Amino acid sequence: MAPYRGPLREADFCYDWTHPDPRMDALQAAVAGLVAADAERGEDAASTLGRVRALAGEAAGVAPRPPAAPAVPSRPRPPRLTEPWFC
């Protein structure tokens, strides 16, 4: 990993790094933006996951998969992690 590891960000106690395939960094940025926007709007996690799957498929050049079945309306919404670093 040494060739891909950037400088240490001491304040965040982590290293910046880049993937050897720049498309992966572009996909990560797109997924992070999508997840942040969906979380801000309070979107259902299953819907967000479907959109993440579509982004990954598009990046891989794979035909889109059919969307997952909608969540059962009577099912209580599961608890969610709220830490900003999670996604």
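The values are calculated or read from the model by the stated rules, or taken from the named source; none is laboratory data. This structure is a prediction, so every number in the text was calculated from the model and none was measured. Positions of Cβ are backbone-derived with ideal geometry, glycine not excepted, and every protein chain shown enters the neighbour counts.
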**OP:** Quick one: in the stretch 10-48, of everything that is modelled with pLDDT under 90 and of a type in the set (A, V, I, L, M), which residue is surrounded by the most Cβ atoms within 10 Å (Cβ to Cβ)?
**Re:** A39
**OP:** List the number of the failed condition for D38; all other conditions in (1) under 14 Å from the mean Cα position of the chain (by Cα); (2) farther than 24 Å from P67 by Cβ hold.
**Re:** (2)
Original post:
Within the set of pairs 6 or more residues apart or between chains, which connect a residue that is in contact (Cβ under 8 Å) with a residue 24 or more places away in the chain inside the stretch 20-41 to a residue that is hydroxyl-bearing (S, T, Y) and part of a helix (DSSP H, G or I) with Cβ atoms less than 8 Å apart?
Top reply: V35/T48; A39/T48
